[in-house]
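Derivation of every value follows stated rules applied to the coordinates shown; laboratory data play no part. What you see is a predicted model, and the numbers here were worked out from it, not measured in a lab. Positions of Cβ are backbone-derived with ideal geometry, glycine not excepted, and every protein chain shown enters the neighbour counts.
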Amino acid sequence: MRVLAWLVAVMSAAIPQAAMAHPHVFIDNRVTLLFADGAVTGFRTEWRFDEIFSADLLAQYDADGDGVFNAAESDQVRDGTLPNLKGFRYFTYAYVGGEDLGQLEPAAFKADIVDGVARFRFTYALPSPVDPRKSKFGVSIYDHEYYVEVLMAATEPLAIDGDAGGCQATVADDPEHAYYEGFVIPQMVAVGCP
């Protein structure tokens, strides 16, 4: 029995910590690319949380207990969650020509309840419009700590708002930005043009 206990301890120590980690919060993500005159000007993200985290948010911020967030409660959600998310770049990484744009601040935020789960909506403006015919543009949403798992929604994960000039949005794995010791590969929304 001692040998078995020792073997389990040694094997556990040999497994990288990343392999033993698992997320505690789950987000279905949707991205809307904002275009004007064929250039990307920004994007919106929509996060729908899992039922457990949604219930926790309701318990904390649904002051009137009606099962939804009114405007004042949405503001309280913003004030209670965005300062923490800021420390993690709002899990948002935008790239132009392969270069990270750095931390973008959301220009707008709203929290509400849809189909019984909490939804956060963020709007980001790019520092300057990006012509995707000249510079590759992409955005990824992920948590480097892997406390939160963010995956593109199974239905309607992408949308385009505005004049995209024939450009389309696609989702693909982004192994170049793998994290958590390479165990997790984020998904990137990219723009392709004819």
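Go through segment 127-144 and count every residue that is more than 30 Å from VAL25 (Cα to Cα) and assigned to a strand (DSSP E or B).
Number satisfying all stated conditions: 4.
If I filter segment 126-146 down to residues being more than 24 Å from ILE185 (Cα to Cα) and of a type outside the set (Ser, Thr, Tyr), which single residue comes out as surrounded by the most Cβ atoms within 10 Å (Cβ to Cβ)?
By that ranking, first place goes to VAL130.
Is at least one residue of segment 30-39 within 21 Å of ALA153 (Cα to Cα), of a type in the set (D, E, K, R), surrounded by fewer than 15 Cβ atoms within 10 Å (Cβ to Cβ) and touching a residue at least 60 places away in the same chain (Cβ under 8 Å)?
No, segment 30-39 contains no residue that is within 21 Å of ALA153 (Cα to Cα), of a type in the set (D, E, K, R), surrounded by fewer than 15 Cβ atoms within 10 Å (Cβ to Cβ) and touching a residue at least 60 places away in the same chain (Cβ under 8 Å).
Under 6 Å between Cβ atoms, at least 6 apart or on separate chains: pull out the pairs that start in segment 55-74 with a residue that is closer than 20 Å to PHE26 by Cα and end on any residue that is surrounded by fewer than 19 Cβ atoms within 10 Å (Cβ to Cβ) and of a type in the set (S, T, N, Q).
TYR61/GLN76
Before we move on, is GLY116 small (Gly, Ala, Ser), farther than 16 Å from PHE26 by Cβ and either surrounded by 16 or more Cβ atoms within 10 Å (Cβ to Cβ) or touching a residue at least 24 places away in the same chain (Cβ under 8 Å) (or both)?
No.
Could you give every pair whose Cβ atoms fall below 8 Å, whose first residue belongs to segment 160-172 and is under 12 Å from CYS193 (Cα atoms), and whose second residue is acidic (Asp, Glu), counting only separations of at least 6 or pairs across chains?
GLY165/ASP37
Look at GLU149 and say whether it is among the acidic types (Asp, Glu) and surrounded by 15 or more Cβ atoms within 10 Å (Cβ to Cβ).
The answer is yes for GLU149.
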